[in-house]
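The values are calculated or read from the model by the stated rules, or taken from the named source; none is laboratory data. Predicted model, so just to flag it, every value in this text is computed and none were measured. We place every Cβ from the backbone using ideal geometry, glycine too, and count neighbours over all the protein chains shown.
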Amino acid sequence: MTATCGEPVHKLQLIRAGGLLDAAGTVASPGVVLVEFGRVITAGSPESVGEVADAKIIDHTSDLLMPGLVNAHCHLDLSGPGPWPPAGDDYRAWVGRVRTLRAAASEEDTRHAVRRGIQLSLAGGTTCIGDIAGQPPAASIEELRLSPLRGTAFVEYFGIGSGQRRAVEAMYSQLAAWPVDASGIRVGVSPHAPYSCGPDVYAAAAATGRQLSTHLAETRLEAEFLKRGVGPLRDMLEHDIGVWNDEIQIPWGDDSSDQRVRESQSPLTAVLNSMHGAAVLCAHMNYMNPADMDPELMANIRLVYCPRASASFGHAPPEIEVHPWRALRDAGATVCLGTDSLLCLDTPNRISVLDEMRLLYRRDGLDPMILLDMATIAGADALAIPRCAVSLGPSVAGLMAVRASGTTPERMLADALTHNEPPSWVISPIILSATHTAY
Ligand SMILES: [Zn+2]
């Protein structure tokens, strides 16, 4: 086929790859991907795809090709040029500095930060995202909906004691203005954390029927505060932020009208019980003891483990012996990966769970295939995105390449986790987002 300008137009492309790998069962080395007008037709071994006449040959024989990745927890509105304070051991002081900088940001500053966060996410091979939209949420939601990313913008709320009423009123009025939307970026709800939101805020969030997210068991201070109402988090709420009031009930949930919340074995299970069995995406869970938890709750937990964020704040080896993600996964929780904000990361030019995989492979020696599952299939499950969006097939949301060598696709993935090179797009989500179907 020849275009009128004389340039050849290649309807078909045959991509020759060193290897193909996804977490849904595609394993081929070497591999080929047949593409028609920018969309994947089929992917597999050269024998399974066969010869294709008139196809333009594209060489990726030094690369491993994989589906784009899922980052299930991030704060893209903290992706501005800064200067931002680096994460550190003093959580109270860090929150104070971030609050001050956020308060000084205009809406245009926030939109610029979210746009930059989207570009850094795309530079990291991300196709699907769970983003926390700070208040007011319009900048995050609108910028994400203009982007090729898919997933959920979780609108964040704060409210304890008497402050719960205002939070719940804001939640219902704002969500009325932001329908769920069945494609692209959906709008969910995120009560920030149990020390900054009371049981009424969590229950109201669950009653919306939207996708739910929260920060849970991020610090040791949290459990202490929820039991006794003391410590640096109390000081932060009372003196730094000024939201302490007489209606706050500690232990958490002790005054709840819900029997399950009152009788919960621990404050952290009370938080989960306050959502009445709804599935919830829980970021961090660095200090959750699976033995404390009702087995029924496990099926509702979608844990987003953010290893670099945990390490940045001192919640990783050697400070804590082991993160409980394995025990939660074995008990039935879905466990996926997130980055948290750019402030926690050592990669200023990209936001990517590929680098979370690298940390867990190098530091903890995890099986690369478990990591690929966490970065794709589990992330899609956690965000209620169809698995076909992260599987090598016609509905894949993006096809990326990483430089890798090895005799099998699994060994190539292990090799890609030993270096720090960024991934590149073979088929960008910018091309595929124009034609993807609603879910
Ligand atoms: Zn977070």
Open item on the list: Being touching a helix residue (DSSP H, G or I) at 6+ places or on another chain (Cβ under 9 Å) and more than 16 Å from the ligand (Cβ to nearest atom) is the filter here; which residues of the range 277-300 pass it?
Closed with: Gly277, Ala278, Ala279, Asn289, Pro290, Ala291, Asp292, Met293, Asp294, Leu297, Met298, Asn300
Task: Counted residues, the range 224-278 - those being part of a helix (DSSP H, G or I) and either charged (D, E, K, R) or touching a residue at least 60 places away in the same chain (Cβ under 8 Å) (or both) - done: 19
- [ ] Determine if the range 277-292 includes at least one residue that is farther than 30 Å from Gly88 by Cα and not hydrophobic (A, V, I, L, M, F, W, C).
- [x] yes
Task: Selected residue (only one of Pro199, Pro148, Pro137 is in contact with a strand residue (DSSP E or B) (Cβ under 9 Å, 6 or more places away or on another chain), under 29 Å from Pro232 (Cβ atoms) and touching a residue at least 24 places away in the same chain (Cβ under 8 Å)) - done: Pro137
TODO: Mind checking which strands (runs of 3 or more DSSP E) fall wholly inside the range 1-119 and carry at least 1 residues that are crowded, with 18+ Cβ neighbours inside 10 Å and touching a helix residue (DSSP H, G or I) at 6+ places or on another chain (Cβ under 6 Å)?
DONE: 12-21, 31-36, 56-67, 69-74
TODO: Run down Leu371, Leu343, Leu359 and say which single residue is in a helix (DSSP H, G or I) and buried (at least 24 other Cβ atoms within 10 Å of the Cβ).
DONE: Leu371
Open item on the list: Which residue is farthest from the ligand (Cβ to nearest atom), if the candidates are limited to the range 48-107 and must be over 26 Å from the mean Cα position of the chain (by Cα) and of a type in the set (S, T, N, Q)?
Closed with: Ser48
Open item on the list: Among the residues of the range 116-172, what is the count of those that are within 16 Å of the ligand (Cβ to nearest atom) and among the basic types (Lys, Arg)?
Closed with: 0
Open item on the list: For the range 346-356, give me each residue that is part of a helix (DSSP H, G or I) and either within 14 Å of the ligand (Cβ to nearest atom) or of a type in the set (Asp, Glu) (or both).
Closed with: Asp355, Glu356
TODO: Would you check which residues across the range 302-340 are within 12 Å of the ligand (Cβ to nearest atom), assigned to a loop (DSSP other than H, G, I, E, B) and not acidic (Asp, Glu) and list them?
DONE: Cys306, Phe313, Gly338, Thr339
Task: Arg350 touching a Ser or Thr at 6+ places or on another chain (Cβ under 9 Å) and without any contact (Cβ under 8 Å) to a residue 60 or more places away in the chain - done: no
- [ ] For the range 253-264, indicate whether the set of residues that are buried (at least 16 other Cβ atoms within 10 Å of the Cβ), closer than 23 Å to Tyr91 by Cα, assigned by TED's automatic domain parsing to the domain that holds Ala167 and hydrophobic (A, V, I, L, M, F, W, C) is non-empty.
- [x] no
- [ ] Just one of (1) farther than 28 Å from Cys336 by Cβ; (2) in contact with a Gly (Cβ under 6 Å, 6 or more places away or on another chain); (3) not β-branched (Val, Ile, Thr) trips up Asp59, so point out which.
- [x] (2)
Task: Meets criteria (away from the ligand (no atom under 16 Å from the Cβ) and out of contact with any Phe, Trp or Tyr (no Cβ under 8 Å at 6 or more places or on another chain)) for Leu12 - done: yes
